[in-house]
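A.B. asks: One structure, pasted below without further comment.
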Amino acid sequence: MREEILRISGVNPSKCMKCGKCTATCPAFEKMEYHPHQFVDMVKNNQISPLLESESLYCCMTCLACEERCPRGVKPQKLIEAVQVIKLRASGANRLKPQDVAERLDPSLPQQALMAAFRKYSR
Ligand code: SF4
Ligand code: SF4
């Protein structure tokens with residue numbers, strides 16, 4: 001599962017030097033059971049199961065401040081998103097096929113939302 005997270009996110013957690021700047025800048029860190037720097041470390045060490053069960057997954061506001069602040073270009077938010085994606089895909093029930101999208105399409109939907117849905121719900 002770790003390899004899949006790395007593949008989806010494109011992130012190399014081994015670059016992390018545990019400086020904690022991502023957590024220090026995160027506006028949601030107080031609500032997170034696992035803070036951004038811990039999240040990175042846990043993926044690095046293949047401790048994925050606790051992350052899949054943690055509410056921390058849903059505390060991230062995708063502000064990207066952690067990415068901006070990281071001196072090593074680690075992108076913690078991408079790892080959080082990748083774990084979210086894996087959890088969603090494992091649930092199965094919400095998965096969409098591309099051919100199912102057209103009939104559900106809301107013309108007012110921003111294109112980014114559509115792309116995000118594809119990434120989250122398709123394998
Ligand atoms: S993207 Fe998420 S984890 Fe990163 S600083 Fe923002 S809220 Fe925190
Ligand atoms: S800011 Fe970057 S290098 Fe520092 S702890 Fe966070 S992910 Fe690791």
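A.B. asks: Among (1) more than 10 Å from ligand 2 (Cβ to nearest atom); (2) modelled with pLDDT of 95 or more; (3) assigned to a helix (DSSP H, G or I), where does Arg7 come up short?
C.D. replies: (2)
A.B. asks: I'd like to verify a number: residues in the stretch 10-59 that are polar (S, T, N, Q) and over 18 Å from Pro71 (Cα atoms), how many?
C.D. replies: 6
A.B. asks: In the stretch 21-61, what count of residues is obtained for those that are in a loop (DSSP other than H, G, I, E, B), surrounded by fewer than 20 Cβ atoms within 10 Å (Cβ to Cβ) and without any contact (Cβ under 8 Å) to a residue 24 or more places away in the chain?
C.D. replies: Total satisfying the criteria: 4.
Yes or no, residue by residue, for (1) within 16 Å of ligand 2 (Cβ to nearest atom); (2) modelled with pLDDT of 95 or more:
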site	(1), (2)
Cys16	yes, yes
Pro36	yes, yes
Glu53	no, no
Tyr58	no, no
Met61	no, no
Pro71	yes, yes
Glu81	yes, no
Lys97	no, no
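The values are calculated or read from the model by the stated rules, or taken from the named source; none is laboratory data. The shown structure was predicted, so the numbers you read here are calculated from the model rather than taken from an experiment. Glycine also receives a Cβ, built like all others from the backbone with ideal geometry; neighbour counts cover every protein chain displayed.
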